[in-house]
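What follows is one structure encoded as structure tokens, with my remarks underneath.
The values are calculated or read from the model by the stated rules, or taken from the named source; none is laboratory data. These figures come from a predicted structure and were not determined experimentally. Quick reminder, even Gly has a Cβ in these numbers, built from the backbone with ideal geometry, and neighbours come from all protein chains shown.
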Amino acid sequence: MRMLKRLACAAVSVAMAATMLTGCNNGRYIMSYDDTDVNAGIYIYNIVSEMLNQQYMLYYKGSSGGVMDEKVNGKEMAVYLEDNAMEKTKEYCAVTEKFKELDLELTDEDLKSIASSATNSYNSQKDMYEELGISKESIKLMLKESKMKEMIFDYYYGKDGKEAPSDDEVEKYVNENYVRFKTISISKSTKSDEDEKEKENKENKELADKYFKKAEGKNFKDFDEVIEEYEKYVEEKEKQESSGTDSSSSSSASDSSSSSSAADSSSSSSAADSSSSSSAADSSSSKVGDTDSTSKTDSSSASDSSSNSDSSSESGSISEAASIADSSSDDSSTGETKEEDKYPHESMINYASYDEDTLATESGKMLTKIKEMKQGAAEQFENDDAYYIIIKGDVSERSKEYASENHDTILNEMFEKTFEKTIAGWAEDLNIKVDSRSVKRYSAKSLYNKYTDFVTKNNKSS
């Protein structure tokens, strides 16, 4: 009987100890592996960061709906945000452990820069971070992990890396995946009155037809002449409108039948060589190491948990990539003169880097059109945004030089997906234990509610 009592007492003690161990977390940690605990703030940041990213994209697309009512890849937004954050947080674990395994080290300069950036970031949104449960320590750790990820990528794929491609392989990738083009775009009317809108679009279409006729028979190089003529027309139109001069007295380059919206339309894509590899959902194409990923933490880290109790219950686009001009003019900020642009008015874009959702957008449709075009002959294209005159160039004429000048960016495009799969494999091998209570406490819906309450409160006080 005495033995049975002792066993019963022991069982009760074990149960109490387990309860105490679970309770002492109090939402501070989201997961653990080996002897390392991962701050909840890292998981929270990953949810909020992607939530704001998705919200921005809805705004960019002109949607008036709420972000939490949307779906991503067939998933309800809340489910998607939580799954994405869990994946990113486990990636953090894998990256930090692999960094140690490869015996890599951050320099003192790296650490100083990370600490400074973390302080600036935290101070810029301190109230919001505190409200949501994200500490400065977590921001610092995420920046640290980002640098680690970049260094691991270079360890494998950078110059002299274990799996680094040859220069010929990088050039071949550019030839097979990029499109090279020049374009003139004339925006469609945004007027609310349908009659005015129809009239304006008719005039803009006539203007596009006029310049297309000028472009017919031009080769890729000589297409610059048409672009520059159109740019002069737009500039003259804007001068007349700003001075109040009647459009009928414009120079011979102007078209009296064109509307003022033509002058406001985007001119030629005198675009810089864009090598963006991110989809619009990513805002963009960031280099490995610049992503919103998590970072290393340990059991001595400061708590990131929010003091609030459980609450009941979101990228740069193709058109942006093709519209940033490389200026060959003087750099007034440095006093230095830039080298003359050898490839004015043209863009180089990695078509293969865009996903199906992005290619389904209006700018994505334009890029698909370019991909399918023949080289050296101008064509017209129209989508919901604008009227276009486009000419496609030969990528191979500049791929060697382009691959050399953009080597690091192209490496990221070549190996990003492979690298992400490799990291996921490292994470699976870590035996990560997730704290389900913390996951429940920091649900996407509760964080969204906290964020919107915070914004509403601050808007009222401002």
Can you name the number of the only condition in (1) crowded, with 21+ Cβ neighbours inside 10 Å; (2) over 23 Å from the mean Cα position of the chain (by Cα); (3) in a loop (DSSP other than H, G, I, E, B) that Gly217 fails?
(1)
Any hit, the stretch 90-104, residues being closer than 20 Å to Tyr56 by Cβ, surrounded by 14 or more Cβ atoms within 10 Å (Cβ to Cβ) and in contact with a helix residue (DSSP H, G or I) (Cβ under 7 Å, 6 or more places away or on another chain):
no
Tell me whether the stretch 366-387 contains one or more residues that are more than 30 Å from Tyr211 (Cα to Cα), part of a loop (DSSP other than H, G, I, E, B), within 22 Å of the chain's Cα centre (by Cα) and outside the structural domain of Tyr33 (by TED's automatic domain parsing).
no
So the check is Cβ under 7 Å with 6+ separation or different chains; which pairs have a first residue in the stretch 61-82 that's more than 16 Å from Asn449 (Cβ to Cβ) and a second one that's β-branched (Val, Ile, Thr) and surrounded by 14 or more Cβ atoms within 10 Å (Cβ to Cβ)?
Tyr80/Val72
Considering residues of the stretch 38-85 that are assigned to a strand (DSSP E or B) and of a type in the set (D, E, K, R) only, the residue farthest from Arg28 (Cα to Cα):
Lys71
Please find, within the stretch 16-75, the residue that is farthest from Lys88 (Cα to Cα) out of those that are of a type in the set (Ser, Thr, Tyr) and at pLDDT 90 or above.
Tyr56
Subset of the stretch 152-172 (residues that are within 24 Å of the chain's Cα centre (by Cα) and crowded, with 19+ Cβ neighbours inside 10 Å):
Ile152, Phe153, Tyr157, Val170
